[in-house]
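Colleague: Take this structure, written in structure tokens, and hold onto it; I'll ask about it next.
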Amino acid sequence: MKRDLLIGLAVGLVGLALVVAAIGLGYIPMPRFGAEGGRSSGLVKSALKVGGPFTLVDHTGKTVTDADFRGRYLLIYFGYTYCPDVCPTTLQTMTEALDLLGEKAEKVQPLFITVDPERDTVKVLADYVKAFHPRLVGLTGTADQIARAAKAYGVYYAKAEPSDPDAPYLMDHSSFVYLMGPDGRYLTVFPHGTTPEDMAATLKDVIDNRSAP
Ligand code: NI
């Protein structure tokens, strides 16, 4: 009896060792945890804190804070109206993504925050946002207010002095579209070059799985 028990135990241990070795060598698939796989594959989690309180002025001249937008997903882009290509392209992508979402787009508020408050006044923004999504809100403010908002989102921007002093200056700036949840928390970021289809697919995924309270 005792011998049988020892043999059984030995066979069991060898079997267990084989299974562990097979998993290690990849013969037995195990679920993978992390960024890959699963329904949240489109989300780029950041270890850094993105977002935070801001006080700005919208394109109708009203002072608004981040808290005024609670209850809706926020699609936020920092740029400037004189931008020759990147900003209009990105705002067009946001507009097309929202159009692709259909009725679900009503849960999303697109925001355009200028990094050039010197030229992007309330009036300039009011004329500019009309060219994109009908619900796009343009935000400006004092240089200090803009600096605080940009810092909260980790946005880089700087004036690029033109070689020709009579030419209008350009702004260097990072180009990411941030998605914030209805509670104001950071959800994901869309890198420059994201297609409207990909943006819409991620938005739909997020809205369907994490509906607003
Ligand atoms: Ni730009």
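Colleague: Tally Lys and Arg at +1 and Asp and Glu at -1 over the other residues with C-beta under 13 Å from the C-beta of Gly138: what net charge comes out?
Modeller: +1
Colleague: Turning to a different aspect of this structure: Using each residue's phi in the stretch 183-193, evaluate 6.51 cos²θ - 1.76 cosθ + 1.60 at θ = phi - 60° and report the 3J(HN,Hα) Karplus result to the nearest Hz, with x for Gly and Pro.
Modeller: 8, x, 8, 4, 10, 6, 9, 9, x, 4, x
Colleague: Ignoring ligands, DNA and RNA, what percent of the 1.4 Å accessible area of the stretch 104-213 is carbon and sulfur?
Modeller: Details: 3040 of 5480 Å².
The computed percentage sits at 55.
Colleague: Would you work out if the stretch 108-173 is rounded, prolate or oblate? Take a ≥ b ≥ c from the square roots of the eigenvalues of the alpha-carbon gyration tensor; rounded if a/c is under 1.5, else prolate when a/b is larger than b/c, oblate otherwise.
Modeller: Values: a/c = 2.09, a/b = 1.33, b/c = 1.57.
Oblate, because a/c is 1.5 or more while a/b does not exceed b/c.
Colleague: Please work out whether the stretch 150-211 counts as rounded, prolate or oblate from its C-alpha gyration tensor, where a ≥ b ≥ c are the square roots of the eigenvalues and a/c under 1.5 means rounded, while otherwise a/b larger than b/c means prolate and anything else oblate?
Modeller: Working: a/c = 4.74, a/b = 2.31, b/c = 2.05.
Cα axes put the stretch 150-211 in the prolate bin.
Colleague: Here is a further query. Starting from the Cα gyration tensor of the stretch 82-123, take the square roots of the eigenvalues, sort them a ≥ b ≥ c, and report rounded, prolate or oblate (rounded when a/c is under 1.5, otherwise prolate if a/b is larger than b/c, else oblate).
Modeller: Details: a/c = 3.93, a/b = 1.87, b/c = 2.10.
Oblate is the answer for the stretch 82-123, as a/c is 1.5 or above yet b/c matches or exceeds a/b.
Colleague: log10 I(q)/I(0), Debye, Cα-only the stretch 101-213, no solvent, q = 0.16, 0.20 Å⁻¹?
Modeller: -0.89, -1.27
Colleague: Around Val122, what is the net charge, scoring Lys/Arg as +1 and Asp/Glu as -1 over all other residues with Cβ under 15 Å from its Cβ?
Modeller: Here the charged neighbours net out to -1.
The values are calculated or read from the model by the stated rules, or taken from the named source; none is laboratory data. Fair warning: this is a prediction, and the values are worked out from it, not measured in the lab. FYI the Cβ positions are ideal-geometry reconstructions off the backbone, even for glycines, and counts take in every protein chain you see. Note: accessible area is taken over every heavy atom of the protein model, side chains too, but ligands, DNA and RNA are not part of it. Shrake-Rupley method; radii C 1.70, N 1.55, O 1.52, S 1.80 Å.
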